[in-house]
Ligand SMILES: [Zn+2]
C-alpha cells in the first residue's frame, strides 16, 4: 500500500530524508545525470578537438554535472523533479503524436485542478471549451482550422501576445499548439509545464497526476535502472 513514508517513484522503499524519494531512486537518477569520465569518453567522438582540448571539455562537463546535481539535491531531492526527469528523458523517437496525446490529457487534468482565477478574464466555461477543442484536435475530432481559430480567440481574450511569460495562461494555450511551435521545449515538455505553474498545486497532487497518467513509464524506469545496476 502507498503511504506517505513510501517513495512515490518506485513505491517499494521508504523515503530517505531530506530527500522526498528513497535512496535507490536517488542513486538511479544520479547515475543518469551525473556522468563519469568513461561516459564522456564513450559518447564523445570529437575530431575537431585536440586530446588536450577534449580533456578540458570533459572536465568542464563533469564539473557542470556535479553543480547541477548539487543544485537539485541541496535541499533534498524532490520526487516531482525525479518524475519530470524520467518523463522528459523518454527516447526522442518515442515522442510521437500518441505520446503527446497522453501529455495533453495530463495537462487537461492539471488545469482542471488549478484555481480558475488564474485564467481571468476567461471564465471557467471558456477555459473548459478551449481545453476540449485542444483535446479534440489531438484526438483528430477537431480540424486544424478550428484549432487555429480557438487559439487566436483565446490569445486575444487573455491578452497573451507573447508566450515568453510562462504562466497558467501560456500553459492553456500550449495545449492547442503544434510541435513546430515548441522547438526544444517539445523535448522538455514536463519541465516546461511545471515551470508554468510551479507553486499553484502541491507536490502530492503533481505526483497523483503523474501516477494516474504515466505509472507504467515510471515503473519501467525503475525496472530498467535496476537491471543496469546489476550489470
Ligand atoms: Zn524509490
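Each value in this text was obtained by applying a stated rule to the coordinates, not by laboratory testing. Everything quoted here is computed from the prediction, not taken from an experiment. Backbone-built Cβ (ideal geometry, glycine too); neighbour counts: all protein chains shown.
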Q) Which of the following residues is exposed (fewer than 13 other Cβ atoms within 10 Å of the Cβ) and either touching a strand residue (DSSP E or B) at 6+ places or on another chain (Cβ under 6 Å) or farther than 26 Å from residue 216 by Cα (or both): 170, 152? A) 152
(Q) If a residue must be in contact (Cβ under 8 Å) with a residue 24 or more places away in the chain and touching a helix residue (DSSP H, G or I) at 6+ places or on another chain (Cβ under 6 Å), how many such residues does the stretch 152-165 contain? (A) 2
Q: Within the stretch 166-189, identify whether any single residue is touching a helix residue (DSSP H, G or I) at 6+ places or on another chain (Cβ under 7 Å), in a helix (DSSP H, G or I) and free of Cβ contacts under 8 Å to residues at least 12 places away in the same chain, and answer yes or no.
A: yes
